[in-house]
1. For the range 138-175: of the residues being over 19 Å from the mean Cα position of the chain (by Cα) and touching a residue at least 24 places away in the same chain (Cβ under 8 Å), which is nearest to the ligand (Cβ to nearest atom)?
2. Going through the range 104-123 one residue at a time, which ones are within 16 Å of the ligand (Cβ to nearest atom) and not charged (D, E, K, R)?
3. Yes or no: the range 263-278 includes at least one residue that is within 30 Å of N78 (Cβ to Cβ), basic (K, R) and open to solvent by 10 Å² or more (accessible area, probe 1.4 Å).
4. What's the number of the condition R242 fails, among (1) more than 11 Å from the ligand (Cβ to nearest atom); (2) buried (at least 24 other Cβ atoms within 10 Å of the Cβ); (3) more than 21 Å from I122 (Cα to Cα)?
5. Quick check on L77: is it closer than 29 Å to E235 by Cα, touching a residue at least 24 places away in the same chain (Cβ under 8 Å) and open to solvent by 50 Å² or more (accessible area, probe 1.4 Å)?
6. Of (1) out of contact with any Lys or Arg (no Cβ under 9 Å at 6 or more places or on another chain); (2) surrounded by fewer than 24 Cβ atoms within 10 Å (Cβ to Cβ), Y259 satisfies all except one. Which?
7. Going by the conditions given, is R345 within 30 Å of T164 (Cα to Cα), among the basic types (K, R), open to solvent by 60 Å² or more (accessible area, probe 1.4 Å) and touching a residue at least 60 places away in the same chain (Cβ under 8 Å)?
8. Quickly run through the range 317-333 and pick out the residues that are in contact with a helix residue (DSSP H, G or I) (Cβ under 7 Å, 6 or more places away or on another chain) and either at positive phi or open to solvent by 10 Å² or more (accessible area, probe 1.4 Å) (or both).
Amino acid sequence: MTAIAEHNTTTSAEYVALDEEWSTHNYHPLPVVIAEGEGAWVTDVEGRRYLDFLSGYSSLNFGHRHPELIAATVDQLNKVTLTSRAFHHDQFGLFCRELATLTGTEMVLAMNSGAEAVESAIKVARKWAYQVKGVPSGTAEIVVAGSNFHGRTTTIVSFSTDETARQDFGPFTPGFRVVKYGNLDEIASAITPNTAAVLIEPIQGEAGVVVPPAGYLAGIRRLCDEHNVLMICDEIQSGLARTGELFALDHEGVRADLYTLGKALGGGIMPVSAVVGSRAVLGVLRPGEHGSTFGGNPLACAIGRAVVRLLATGEYQERSRELGGYLHTRLGSLVGRGVAEVRGRGLWAGVEIAPGGPVGRVASEALAARGVLCKETQATTLRVAPPLVITRDEIDMGVEAIAAVLGR
Ligand SMILES: *Cc1c(COP(=O)(O)O)cnc(C)c1O
């Protein structure tokens, strides 16, 4: 038997030291140790309160511990949590029907993490290419954009353009063509008779909340139709009300063949992801070809159903539209005063720090010291993505902290 040392850790520094010693060093978090969260606020182990201006990269769209999500979770915890897909359970079909209805699709492939949803969409697109489109076996290609972020698996980093994400993780999965984001001509040139899909983020989050030129996404839809290619929209970060619509793609009035969903689909409670789309595409999967022990488990489905209920009211999309307009107006007033540019849509913004200002990491730390949590992405961009339950006054607090940290 191994004796586990008694827990007597109390200060933030002690908790940080534990992480440093016992966890792999695959992240570089701010030195804030969160112990509790509610709505748009978190409290650290020393009792300091912070406004959450990041919301788990859009996983906490409904804030921390939304009462309806917690109630659905507790209710399901008292019934059954896992069956595996060896059996049916009473939450699964309802979750699939409700999510498909909300998203205007016909079928749901339930997974856990976002990366798994993307992996699943890639597999489905390849199978569709061989079985439906008639692409010669083993030659299917998927067109992706530079500066993409779709997750961390070996196949997904195979088509990343971030060297840190790839270095020493090869050999890589073939079958991807990388083009410049925002350039429609490059997509047109990259499509061949063997192209199965175009996989795209409608707004690139990790790249710095980069919004493509107007007409780009609709143009991809048109090219996909012309060449019998699937359009796969990765809405893991941009979807589920973040930009003021259910999907960021909705702003261009077109539909994807497959959407990957994750992050907020689990209500900030547990990982829940899915690929949603048409029967003609998702219908290619047969028993034994793909799966996940935890995918579509009863607890995940109960939480996912509660998330769908919140989204079906339209209230969060509306909040994101209205308050997002306010956020962008306020942040926009900082341009020329320490801010070079503000990008984004709805309650989602990439704040580009002006040359000569602090690097992103230093700015994030300074914001934390002022009680506002957000995180740099790339060296010079602050990613602002507050929970959609945030109020105007709270937005003011956050923006004033950013002004104080970046303002000159
Ligand atoms: C976060 C994210 C992923 C990966 O999700 P994980 O749950 O971290 O695996 C994929 N695509 C996009 C656009 C994301 O933002």
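1. Within the range 138-175, the match that is nearest to the ligand (Cβ to nearest atom) is I142.
2. Answer for the range 104-123, where residues must be within 16 Å of the ligand (Cβ to nearest atom) and not charged (D, E, K, R): L109, A110, M111, N112, S113, G114, A115, A117, V118, S120, A121, I122.
3. yes
4. (1)
5. The answer is yes for L77.
6. (2)
7. Values: within 30 Å of T164 (Cα to Cα): yes; among the basic types (K, R): yes; open to solvent by 60 Å² or more (accessible area, probe 1.4 Å): yes; touching a residue at least 60 places away in the same chain (Cβ under 8 Å): yes.
Against the criterion (within 30 Å of T164 (Cα to Cα), among the basic types (K, R), open to solvent by 60 Å² or more (accessible area, probe 1.4 Å) and touching a residue at least 60 places away in the same chain (Cβ under 8 Å)), R345 qualifies.
8. Selection gives L323, Y326, R330.
The values are calculated or read from the model by the stated rules, or taken from the named source; none is laboratory data. Everything numeric here is computed off the predicted structure, so don't read it as measured data. We place every Cβ from the backbone using ideal geometry, glycine too, and count neighbours over all the protein chains shown. Only protein heavy atoms, including side chains, enter the accessible area calculation; ligands, DNA and RNA are left aside. Shrake-Rupley method; radii C 1.70, N 1.55, O 1.52, S 1.80 Å.
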